[in-house]
Amino acid sequence: MSESTIIGTRIRERRILSGIRQSALAKEVGISPSYLNLIEHNRRRIGGKTLLKLAEVLEVEPSLLSEGAEATLLNGLKEAAGESEGDGPELSRTEELAGRFPGWAHLLVKQFRRSQELERTVETLTDRLAHDPYLSDSLHEVISTVTAIRASSSILVETKSLEPEWQNRFHRNINEESSRLAEGAEALVRYLEAAPNTQAEIKSPQDEMHAFLADHGYHFPELETESAGEAAEALLAGDNTMVSEAARKLTKEVLLRYEEDARKLPLRDVMVEINKVGLNPESLARTFDTNMARVFRRLATLPENEVGPIGLVVCDGSGSLTFRKPFPSFSVPRNAGACALWPLFQVLGQILTPIRVRLRQAGRGAEAVQALAVAEKVGRGSFTQPQLVSAHMLILPDDPESRTETVRDVGVNCRICPLPACPARREPSIMSEGF
Amino acid sequence: MGKKVLLIEDEPNIIEAVSFILSRDGWEVKTHSNGHDAIMAVRERAPDLIILDVMLPGKSGFDILHEIRADEDHAETPVLMLTARGQLKDREMAERAGASRYMTKPFSNAEVLDAVRSLVPQ
């Protein structure tokens, strides 16, 4: 089972679009029509020369046949399948589904994402109810007053021949407590009505932030000018996509850091340097006399139409992903639980020591990428507070000159990872059957 | 002379009502209303029974219970815990910490009397 089988469906589509007969195409490429038929129906794997030739005859980029949005779609489908219970979906036919019914497949993934979002919302709300200090204080207050009222009133009712002095005292206490109860109850109602999240759709603040950054292609010309300073504020003020305060706060931090990085590594100078030395973070760090993590962040903010796709993943010392800019052939899970084999996590144990690894995400055909990772200190550690760290992993297209270097096979997360006998595995894979 | 009960609770009107009920039942009631030095009050009063609220200013009732159980003179003194939260988790915590009995607010006066009578045979 392999994603590369979906290539067949695309070849068939292209061929039919171009109005070429199967036998004619087979002849031009130099394979038998029956073999082409098997390829087109995703029954035979294809790669290398045959793929290049087919692409040539069909007049398309070979990459259009072998990769693209389908990779994301396939991973989405696998994630969705992973969550399901009962009669499992036919995992071995995932590619076929994506290839033959792309619309339905997209819808399925979209609904899966939506249900994930909703689950998170429910979790957030439940969590808020359980741990909301205001709610628990208010409830405690209400219970206390009710207890006092109940005890006092039953004394009044149950004690025969209670002295007037005591009667008065308990009446007064009940009066006192009941007005306290009224206030408490009113405050509770007000609090619940004015719940901070009356927004129609609640995404996690991180999701909102990433959606905002993605809308802008992770590049902000406004922040590139020397006069920056209020530019971040202005960008936030002009935005109406982010609803939660937390998201705006997170985004502001990211934008301010962007400005700082842009000041240290001005766009024009960086582009001149890149044209000279290529996407070489080491050389850039030296030339601009700055640290590697900053160079990584800066590279991920350059306009994609000039430098091509550049991915970036940032995590904190707990391994939680705090920032992710996607790269076409490298998936990053939305929530926690990324593959422990990523160099991103490796560098957490070796602060300020950069590493470069060729990675290949399992289940993604043969697409290798270059991953460069480095961890840096955040703030200052003390005897009472641990030294915080943050790890950055830059993802670049595979370097043609390093093609001979070994490739490390990694996953996205364990659930959808087919790597056999992996020492880093946390949970069984739904893909292992197919292996 | 009645048995001595020490009520550790911070709500004045609950203190007043519970004290009234217990003293009418023949108990000698002492009260204490903050967590910090509750253990000192226990040592000073040497009560036959302690009624202890879980949510006290200064120190949690569970911590005070630990201190009482760690004190050799009072390790065996019956302790009735009062709490505003009926969650199983709290009940388990109270039992593990050595509470003799556990009562959830709001309680009725009869329940209080039942509890203290069963904990200290008259």
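Quick look at the numbers
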item: Answer residue from segment A:369-414, given it is under 18 Å from A:Val307 (Cα atoms) and of a type in the set (A, V, I, L, M) and is modelled with the lowest pLDDT among those; result: A:Val369
item: Residues of segment A:388-405 satisfying the condition of being of a type in the set (D, E, K, R) and either assigned to a loop (DSSP other than H, G, I, E, B) or within 26 Å of the chain's Cα centre (by Cα) (or both); result: A:Asp398, A:Asp399, A:Arg403, A:Glu405
item: Any chance A:Lys264 is out of contact with any strand residue (DSSP E or B) (no Cβ under 8 Å at 6 or more places or on another chain) and touching a residue at least 12 places away in the same chain (Cβ under 8 Å); result: yes
item: Of all residues making up segment A:1-42, the number that are loosely packed, with under 15 Cβ neighbours inside 10 Å, basic (Lys, Arg) and at pLDDT below 85; result: 0
item: Criterion: of a type in the set (S, T, N, Q) and assigned to a loop (DSSP other than H, G, I, E, B) - qualifying residue of A:Gln370, A:Gln346, A:Gln385; result: A:Gln385
item: Only listed residue being closer than 22 Å to A:Ala391 by Cα, surrounded by 18 or more Cβ atoms within 10 Å (Cβ to Cβ) and in contact with a strand residue (DSSP E or B) (Cβ under 7 Å, 6 or more places away or on another chain), chosen from A:Pro309, A:Pro281; result: A:Pro281
item: Members of segment A:341-387 that are closer than 30 Å to A:Gly47 by Cβ and of a type in the set (Lys, Arg); result: A:Arg356, A:Arg358, A:Arg360, A:Arg364
item: Hey, A:Ala237 under 20 Å from A:Leu299 (Cβ atoms), outside the structural domain of A:Leu321 (by TED's automatic domain parsing) and either of a type outside the set (Phe, Trp, Tyr) or under 24 Å from the mean Cα position of the chain (by Cα) (or both) or not; result: no
item: Within segment B:1-103, strands (runs of 3 or more DSSP E) holding 3 or more residues that are away from chain A (no Cβ under 13 Å), within 29 Å of A:Glu177 (Cα to Cα) and free of Cβ contacts under 8 Å to residues at least 60 places away in the same chain; result: B:4-8, B:28-32, B:79-83
item: Residue that is nearest to B:Pro57 (Cα to Cα), among those in segment B:1-23 that are within 12 Å of the chain's Cα centre (by Cα) and of a type in the set (Val, Ile, Thr); result: B:Ile8
item: Residues satisfying the stated conditions in segment A:284-306, i.e. part of a helix (DSSP H, G or I) and surrounded by fewer than 15 Cβ atoms within 10 Å (Cβ to Cβ); result: A:Arg286, A:Glu304, A:Asn305, A:Glu306
item: Matching residues, segment A:134-177, being in a loop (DSSP other than H, G, I, E, B) and more than 10 Å from chain B (Cβ to nearest Cβ); result: A:Lys160, A:Ser161, A:Glu163
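The values are calculated or read from the model by the stated rules, or taken from the named source; none is laboratory data. Nothing here was measured: the structure is a model prediction, and the numbers come from that model. Ideal geometry is used to build each Cβ from the backbone, glycine not excepted, and the neighbour counts take in all protein chains shown.
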